Amino acid sequence: MLVADAKASDVPVFIDGVGSVRPLSTVTIRPQVSGKLVELHFEEGQDVRKGDVLVRIDDAVYRAQLDQAIGKKAQDQALLQNAELALDRSLKLVQSSSGTQQQVDTARSQVEQYRAAVQSDDAAIASAQASLDYTTIRAPIDGRTGIRNVDVGNIVSSSDAAGIVTLSQIRPISVVFSIPQQQLAKVNAASGGGQLSVEAIAGDGKSVIDNGVLAAVDNQVDATTGTVRIKANFPNDKLALWPGAFVNARLLVETLRGVIVVPTAAVQRGPSGTFVYLLKPDQTVGMKMVKLGQQDDVQTVIAEGVADGDKVVTTGFSRLRDGEHVEVAASQPPAATPGNPPGNPNEERKPNRRPQKTGGPEAASAAPVALPEAKQ
C-alpha cells in the first residue's frame, strides 16, 4: 500500500477537444487568362513568399492586343486634333459672317465624338494591359506549394477546376476543434480577460506538439451535436502540425490558485459520498469525507476535507479499515528516470510532470505501508 502527500499548488483548468489541422490560408492558383503554360518557377513542396513569380503563360497574343489598343488611341487622338482645328475655323467663319451656326455645331459634335473615342481607347489599353499582366502569376500569400496539376506545355484557362497548384499557408497554421455548448459561457468569460492559450496535444495525450492562442469562436451552436467550433492559431515553427491531420486540443480557461491536490487514486466513493484515507501521526488510518473540485485521471483538487501536507492512502483499500494501525516501511529509492535521478531516499523529490487535463502537479513522496497480518 502506498501513501502520498497532499500539496497546495496552482492548477490550470483546461477544456479538451478533438479537432483537425487547417492551413491558415489556402489559395488555388488558377490563370485569369487562357494560353499555353510556358514557365513554372516553383518546385513541388517549396516555400514561397507573397509576390514571388510562380507561373508564366505565353503572352504573345496579349502583347499584340495591347499594341493594337495603343495604336487605336494614337489614331483617334489624331482625328480629335483635326476635329478641334475644324471647330476653331468654323467659329472664326461665324464671327466673320462667312459661316453658319450649323457648321459650328457639326464641328463641335465631331470633337466630342473623338474625345469619347480616345476615352474608350484608354479603357481598352487598361484592359489589354491587365490581360498581359495576368500572364505572369505571382504568389498571393506566403505558403508552401502542393503537387502541381499541370505541366509546362499545356493549355490552361480560368475554367480549369483543379487549377495549376494549391498554395497553403502552414506557418502559422490553424486547428479547429469543438467544445460542448455548456462550456461556451466559461470560454467567453475567460476571453474577456485577455488572450487564451491553447495546446496541441499528440495522440498519446501527453506530449505538447505546439502552443498557440485562441483565434475565434464560431457564431452559432451546431444544433445536431450541441457543440461550438473553436479556432486556434499556432506558430508551427517545427512543422509538427500538418493540414488535414487530427489533433487533440486543450484550451486554458482559468488557473486555480493554491488549491489542495491529491492523486486521483486516493479518492474513494461510498454510500455517504467521496472520501479519502488519511495516515495519522500515530500510524493509524482514518476515513475523511471530502468535497472534490477539478479532477482528471491522475490528480484531483480537494475543495474541502484535506490540508496541505496530509498523507493520503493511494492503494490497498480492499484490506483497509477505518482506525486500523499500520506501519510505514522503509521506501526504496526510485529508479532513475529523466527528471527524477537516483539519490538519497530520504530526500524529498519532485515527480515527473506531464500535461493533464487539470494540469496540476502530481502528488509526491509516495511510500509503501505495511498492513497488519490478517487474523485467522
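Quick notes
- In terms of surrounding Cβ atoms within a 10 Å radius of their Cβ, Arg269, Arg148, Arg115 rank from fewest to most as Arg269, Arg115, Arg148.
- Applying 1/(1 + (r/R0)^6) with R0 = 41 Å to the Cβ-Cβ distance of Gln283 and Trp242 gives a FRET efficiency near 0.15.
- The charge dipole of the range 59-134, taken about its Cα centre with unit charges on the Cβ of Lys, Arg, Asp and Glu (plus for the first two, minus for the last two), comes to roughly 280 debye.
- Taking every C-alpha pair closer than 8 Å and separated by at least 6 residues, the mean separation divided by the residue count of the range 59-134 gives a relative contact order of 49 percent.
- Stretch gain in nm, segment Gln195-Val217, where the contour uses 0.36 nm per residue and the Cα spacing is subtracted: 6.7 nm
- Alpha-carbon centroids, the range 242-269 and the range 166-191: separation in whole Å: 18
- As an equivalent ellipsoid, the range 44-93 spans semi-axes of 49, 13, 4 angstrom, where each value is the square root of five times an eigenvalue of the C-alpha gyration tensor, largest first.
- Each of Ile137, Gln220, Gly286 was scored by the projection of its Cα onto the charge dipole of the chain, and the greatest displacement toward the positive side belongs to Gly286; charges sit on the C-beta of Lys, Arg, Asp and Glu.
- Volume per residue of the convex hull around the Cα atoms, evaluated for the range 125-255, comes out as 198 Å³.
- Unit charges on C-beta of K, R, D, E only; dipole of the chain, Debye: 360
- Förster radius 22 Å - calculated FRET efficiency between Val94 and Arg115 (Cβ-Cβ, nearest 0.05): 0.55
- Averaging 1/r across all pairs of distinct Cα atoms in the range 59-134 and inverting the result yields a Kirkwood radius of 13.8 Å.
- Taking every alpha-carbon pair under 8 Å whose residues sit at least 6 apart, the range 1-97 reaches a relative contact order of 18 percent.
- The chain - mean residue ellipticity at 222 nm from DSSP helices (-39,500 (n - 2.57) per run, n ≥ 4, rounded to 500): -7500 deg cm²/dmol
- Only Cα pairs under 8 Å and 6+ residues apart enter the sum, and on that basis the relative contact order of the chain stands at 27 percent.
- When Met287, Met1 are sorted by how many other C-beta atoms sit within 10 angstrom of their C-beta, beginning with the fewest, the order is Met287, Met1.
- Exposure proxy shown here: for Lys238, Lys186, the number of other Cβ atoms within 10 Å sets the order, fewest to most, as Lys238, Lys186.
- Each Lys or Arg adds one and each Asp or Glu takes one away; over the other residues whose Cβ falls under 13 Å from the Cβ of Ser197, this sums to -2.
- Student exercise, the range 173-246 dipole from Lys, Arg, Asp, Glu Cβ charges, in Debye to nearest 20: 80
- Candidate values (i) 1.06; (ii) 0.98; (iii) 1.37, label of the one derived for Rg/Rh (Cα atoms, Kirkwood Rh): (iii)
Any read-out appearing in this document is the output of simple, stated calculations on the displayed coordinates, not a laboratory observation. The model shown is predicted, which means the values in this text are computed figures rather than measured ones. Methodologically, a virtual Cβ is constructed for each residue, glycine included, from the backbone with ideal geometry; neighbour enumeration extends over all protein chains shown.
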